[in-house]
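No lab work stands behind these numbers, since they all come straight from the coordinates. Values in this document were obtained by computation on a predicted structure and should not be read as measured data. All Cβ positions, even for glycine, are placed from backbone atoms using ideal geometry, and neighbour counts span all protein chains on display.
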Amino acid sequence: MGRILLLAMEEVLGRSGLNAVLRLASLDQLIGDYPPNTLDRAFPFEHLGEIHDALDRLYGNKSGRGLALRTGRVCFKYGMQEFSPNLGHGNLAFRLLPLNMKMLTGAKAVADLFNRYSDQRVHVSEAQDRIWWHVERCPICWGRQADGVCCHLAVGMIQEALYWVSGGHNFMVEETQCRAHGDSLCTIQAARLPLD
């Protein structure tokens with residue numbers, strides 16, 4: 001998963017932009033030497049927190065947020081290439097589900113994927129009008145303190161997942177709680193009705 005993140009950041013920032021972020025994060029050892037394409041848990045949470053912090057410091061909070069959102073969307077694309085057989089999205093039963101059920105089933109499948117292949121602890125809950133993604137161990141804000149929510153990469157990934165599950169609709173997705181802001185966990189909510 002660390003490799004997916006770095007490939008996505010390289011696509012969004014370019015190689016020189018990513019190298020600048022890695023240098024600022026004191027992670028020079030990753031320049032041109034991404035983690036191998038394995039399921040080993042060799043990419044520490046500290047690295048992701050440091051990279052996200054360096055992104056904000058290098059580009060400013062507003063631009064860093066936008067770049068993190070875009071990176072999250074690209075992470076989903078690369079993640080689908082690597083993990084799509086594990087999600088069960090290609091079977092006929094999933095494709096025939098109503099949109100609300102697809103959203104919930106897809107959210108739970110992605111949460112299970114993170115729980116299985118990373119040290120994140122994610123669970124999903126729902127209400128009639130929204131779905132919540134609760135992250136108890138969040139690598140994006142790991143070791144960080146912020147004046148507000150800062151897990152924009154996760155928001156971008158969920159935006160892209162919903163876009164894909166819905167066949168091209170955009171949804172309101174926002175982080176409402178963040179450990180870096182002093183909350184007990186990171187919570188991202190997604191509206192069940194599309195914006196368009």
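If you take every residue apart from GLU50 with its C-beta less than 15 Å away from the C-beta of GLU50, what net charge results, scoring Lys and Arg +1 and Asp and Glu -1?
On the way: positive: ARG23, ARG57, ARG144; negative: ASP28, GLU46, ASP53, ASP56.
Once all neighbours under 15 Å are counted, the net charge is -1.
Taking R0 as 25 Å, what's the FRET efficiency between ARG116 and SER16 from their Cβ-Cβ distance, rounded to 0.05?
On the way: r = 35 Å, r/R0 = 1.39.
The calculated FRET efficiency here is 0.10.
Only Lys, Arg, Asp and Glu count, each charged at its Cβ (+1, +1, -1, -1), so figure out the dipole size of region 2-191 about its Cα centre, rounded to 20 debye.
Working: 19 positive and 20 negative charges, 70 e Å.
Its charge dipole is roughly 340 debye.
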Worksheet entry | Selected from ALA154, ALA25, ALA146 as most flexible by GNM, with the chain as the system and alpha-carbon contacts under 10 Å | ALA146
Worksheet entry | Cα shape, region 85-189, gyration tensor, a/c 1.5 rule | prolate
Worksheet entry | the chain - percent relative contact order, Cα under 8 Å, separation 6 or more | 21
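Any chance you could run the full-extension gain for ILE31 through LEU185? It's 0.36 nm times the residue separation minus the Cα-Cα distance, nm to one decimal. Let's see the in-between values first.
On the way: separation 154, 0.36 × 154 = 55.44 nm, distance 3.11 nm.
Answer, rounded to one decimal: 52.3 nm.
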Practice prompt. Under 15 Å from the Cβ of CYS138, count the other residues' Cβ atoms, weight Lys and Arg +1, Asp and Glu -1, and hand me the total.
Written response: -3
Worksheet item: Can you pull the Kirkwood radius for the chain, inverse mean 1/r over Cα pairs, to one decimal in Å?
Response: 16.9
Worksheet entry | Cα long-axis angle, helix 45-59 against the chain (0 to 90 degrees, to the nearest 10) | 80
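Kindly put VAL149, VAL21 in sequence by how many other C-beta atoms sit within 10 Å of each C-beta, fewest to most. Walk me through the intermediate numbers first.
Values: VAL149 22, VAL21 27.
Lowest to highest Cβ neighbour count: VAL149, VAL21.
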Worksheet entry | Surrounding net charge for GLY156, when Lys and Arg each add one and Asp and Glu each subtract one, Cβ distance under 10 Å | +2
Worksheet, complete the sentence: From the Cα centre of region 123-196 to that of region 1-80, the distance in Å is 19
Worksheet entry | For the chain, cysteines whose Cβ has no other cysteine Cβ within reach (under 4.7 Å) | CYS75, CYS141, CYS150, CYS151, CYS178
